[in-house]
Amino acid sequence: MLNRRTLLRGAGTAVVALGATVPPAAAADVTRVLLQEHPSPAPGWDTAQTLVEIPPGEASGRHSHPGVEVGYLVRGEVRMEFDEHRPPLYLRTGDPFFIPTGIIHNAVNTGGETTMMLSTYVVEHGKPLVTTY
């Protein structure tokens, strides 16, 4: 189903067509799949959509984005941790979430199944889609 998409696992970085960069997830079993990307209607901005899968007990790794992330938990349970002074966000299947520009966060799978998150980003053109810490 996703074999025609860019699948990222383990170490390394993939450069995508709009100039954004999608680094791999923190753990080898965590995957980020770039589903689509397009220029945004706002000049100087791009949109991208990814599907992230995190096995039980694993985490996405601390990271941020140069624009907003609007997401939806397709399957599973996640504790979204933030570096700044804000409480964790607990998400379950069917929950939406919003991550503001530049906020360092980490999605930890707290359930017994592989989580699946669908995220859409609006980011500055030419900037990396994800910056890891």
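Over region 34-129, what portion of Cα pair distances is larger than 23 Å, expressed as a whole percent?
Working: 1011 of 4560 pairs.
Roughly 22 percent, rounded to a whole number.
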Practice problem: Report ³J(HN,Hα) in whole Hz for each residue of region 66-76, in order, from the Karplus equation J = 6.51 cos²θ - 1.76 cosθ + 1.60 where θ = phi - 60°; Gly and Pro get x. | Solution: x, x, 7, 10, 10, x, 8, 8, 6, 8, x
Quiz item: Counting only heavy atoms of protein chains, what accessible area per residue, in Å², does region 53-108 have with a probe of 1.4 Å?
Solution: 49
Quiz item: Could you give me the ³J(HN,Hα) list for region 97-114, computed from phi with Karplus coefficients 6.51, -1.76, 1.60 and θ = phi - 60°, whole Hz, x at Gly and Pro?
Solution: 8, 9, 10, x, 3, x, 6, 6, 9, 8, 9, 10, 6, 9, x, x, 10, 5
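Based on the Cβ-Cβ distance from Glu124 to Tyr72, what FRET efficiency comes out when R0 is 22 Å, to the nearest 0.05?
Details: r = 23 Å, r/R0 = 1.04.
Once the sixth-power term is evaluated, E becomes 0.45.
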Quiz item: Can you work out ³J(HN,Hα) from phi for every residue in region 85-90, in order, using Karplus 6.51 cos²θ - 1.76 cosθ + 1.60 and θ = phi - 60°, giving whole Hz and x for Gly and Pro?
Solution: 6, 8, x, x, 10, 9
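Starting from the Cα-Cα distance between Leu89 and Glu113, subtract it from 0.36 nm times their residue separation and give me the gain in nm to one decimal.
Working: separation 24, 0.36 × 24 = 8.64 nm, distance 1.85 nm.
Between Leu89 and Glu113, full extension yields an extra 6.8 nm.
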Exercise. Can you send over the carbon and sulfur percentage of the accessible area for region 25-133, probe radius 1.4 Å, protein chains only?
Key: 56
Quiz prompt | Per residue Cα convex hull volume in Å³ - calculated over region 91-130 | solution = 93
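The values are calculated or read from the model by the stated rules, or taken from the named source; none is laboratory data. These figures come from a predicted structure and were not determined experimentally. Here the Cβ is made from the backbone with ideal geometry for all residues, glycine too, and neighbour counts use every protein chain on show. Please note that ligands, DNA and RNA were not included when accessible areas were found on the heavy atoms of the full protein model with its side chains. Shrake-Rupley method; radii C 1.70, N 1.55, O 1.52, S 1.80 Å.
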